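Before any comments, here is the structure.
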Amino acid sequence: MTTAFFTRMLSWLTGSRLTVDNSVVRELDLDRFLGSWYEVARFNHFFERGMSQTKANYVLRDDGNIDVINTGIKNGRPKTAKGRAKLTDSPALLRVSFFGPFYSDYRVMLVDADYRYMLIGSGSDGYLWILSRTPQLADTDRAAILSEAKRRGYDTDKLIWVKQNRPAVA
């Protein structure tokens, strides 16, 4: 079972409330969303702890769902996690699973007009990702994303900036 599932269950049992604004963007062009994204920053969580060079690839399936292929390097070795995302009534809210029948929210909270970067949240305030089409963000883009995350109530000091030592493609 996933940490997100346990977090939601604990929140439900204890009556805890979400402390951040994790609302999604009104529109998301799925065709522009698909493809490869570098994970440039994230909150620390067990399933990516110690990983660098993390990248996500989203591929539309014949059944209308999305294959999610996450890659990275941990302890000098390549790692891959394959999952599936289901579309919902809101195009910017996906339901993602890497663990059998257990799905978690994947919330696109900010996307650049040119689909160069995104701010991604979940159903709890314990998860946050910054994704980019390039391994590094321009300073102005980084500032805009961090400003939006702070406005929404996220503690951006908890972000881990991912090492993206990717070699240049010939």
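The values are calculated or read from the model by the stated rules, or taken from the named source; none is laboratory data. Nothing here was measured: the structure is a model prediction, and the numbers come from that model. Quick reminder, even Gly has a Cβ in these numbers, built from the backbone with ideal geometry, and neighbours come from all protein chains shown. Accessible surface areas use protein heavy atoms only, side chains included; no ligands, DNA or RNA. Shrake-Rupley method; radii C 1.70, N 1.55, O 1.52, S 1.80 Å.
At-a-glance table
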quantity	calculated
Strands (runs of 3 or more DSSP E) (entirely within the range 62-170) containing at least 2 residues that are touching a residue at least 12 places away in the same chain (Cβ under 8 Å) and open to solvent by 40 Å² or more (accessible area, probe 1.4 Å)	66-74, 77-87, 93-99, 102-111, 159-161
Ser52 vs. criteria of a type in the set (Ser, Thr, Tyr), modelled with pLDDT under 95 and either assigned to a strand (DSSP E or B) or surrounded by 17 or more Cβ atoms within 10 Å (Cβ to Cβ) (or both)	yes
Hits in the range 43-78 - residues which are touching a Ser or Thr at 6+ places or on another chain (Cβ under 6 Å) and not polar (S, T, N, Q)	Lys55, Gly72, Ile73
Extreme residue, nearest to Lys163 (Cα to Cα), among residues of the range 31-47 that are modelled with pLDDT under 95 and open to solvent by 20 Å² or more (accessible area, probe 1.4 Å)	Asn44
